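Read the structure below first, then the notes.
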Ligand SMILES: *Cc1c(COP(=O)(O)O)cnc(C)c1O
């Protein structure tokens, strides 16, 4: 049975699906994979995830391709990053094979929610791990639950691929210089909500954070990585406090393939003066092109897109990555897991 869903207008929210899959780590080992129809989790009230933030997650997508086949984009990379996040929060790393098997299972069990080719929508896959053993002393849990839920999400650009403005606000940091910025943990998001809300109130789509130590270099753009085209090169921040975005890494490869030089380095704020294009990148949007960056502390506006439209490099990279995910062109690097 196919779902009667208005795919093109689905928000990035939670649309209930039929099943989720779970696995529990207990007595030093991962148990059997469980399939459930319940969307509830029963927890001990002293679980470490509730008190000390032992929570990590991932985000990836499955697509229905032009050939009708279902593809999951860069599954292994997400599995590895989740292991890094687990180590960073002293949690139990999920074996790569278990991660992959459970993702595939969650997608297959909810096949009727995979949006059709051409709708611009996709099936968002959200793996999460939490510490569940009770403790009121500060320590890491001995038991964990790993859950994968999936939910269909609509196209990120409902009115077409377009630019938004972002802002620099020095009064906020998302993470500490040697903190948890490079791990995908819920705590980083909790720490960024006030800044994000403030930026939205002022009419900006995201905060462009500066490095938390010196406040000199560009760091992360809200919940996404940042890159700019400067002197014809694809330049993206090198920093210990940003999350290594798999989209960014993919775009860097595609840029090189297009003959564009790639630099991962510190980028000082005033270099934005020379940027001809810029974007925030991540699984949700691939690229969200930047129109202007406004430095609110000195009221300086760096106009990036002079005509207000996404530039040629952003557009080409965006189209290329989408074409790979949808099976419209050759997947040279084997980024897709075809089901
Ligand atoms: C998930 C995330 C990204 C994007 O990573 P992708 O792998 O490209 O989806 C960037 N920054 C932060 C803080 C994130 O949590």
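Counting other beta carbons within 10 Å of each residue's own, what order do 30, 7 fall into, fewest first?
30, 7
What Kirkwood radius, in Å to one decimal, follows from the Cα pairs of the range 164-325?
15.6 Å is the Kirkwood radius here.
Quote to one decimal, in nm, the extra length available between residue 108 and residue 202 on full extension: 0.36 nm per residue of separation minus the C-alpha distance between them.
Extra length from residue 108 to residue 202 when fully extended: 29.6 nm.
For labels at residue 97 and residue 266 in the simple 7 Å Cα→Cβ model, what's the distance in nm?
4.5 nm
Would you mind ranking 96, 197 so that the residue whose beta carbon has the fewest other beta carbons within 10 Å leads the list?
If I rank by nearby Cβ atoms, fewest first, I get 197, 96.
Name all residues of the range 129-145 having a backbone nitrogen under 17 Å from the label point set 7 Å from the Cα of residue 46 along its Cα→Cβ direction, giving them as ranges.
Label zone hits: 131-144.
Let me know the whole percent of all Cα-Cα pairs from the chain that are separated by more than 28 Å.
44 percent
With r defined as the distance between the Cβ atoms of residue 231 and residue 298 and R0 fixed at 30 Å, what FRET efficiency is calculated, to the nearest 0.05?
0.80
Taking the Cβ-Cβ separation of residue 240 and residue 319 as r and a Förster radius of 30 Å, what is the calculated FRET efficiency to the nearest 0.05?
For residue 240 and residue 319, the calculated efficiency is 0.40.
Give me the percent relative contact order of the range 164-325, please, defined on Cα pairs under 8 angstrom at least 6 residues apart.
24 percent
Give the separation of the Cα centroids, the range 73-144 to the range 321-339, in Å.
Using only Cα atoms, the two centres lie 21 Å from each other.
Please arrange 87, 249 by how many other C-beta atoms lie within 10 Å of their C-beta, fewest to most.
Taking fewest neighbouring Cβ atoms as first place, the list is 87, 249.
Between the alpha-carbon centers of the range 22-37 and the range 297-315, tell me the distance in whole angstrom.
About 48 Å separates the Cα centre of the range 22-37 from the one of the range 297-315.
May I ask you to work out the translational diffusion coefficient for the range 2-153 at 20 °C, viscosity 1.002 mPa s, via Stokes-Einstein with Rh from the Kirkwood sum over Cα pairs, reported in whole µm²/s?
133 µm²/s
We did not get these values from a lab; they are worked out from the coordinates using the rules stated. Just so it is clear, the model here is predicted, and its values are computed rather than measured. Cβ atoms come from the backbone with ideal geometry, glycine included; neighbour counts cover every protein chain shown.
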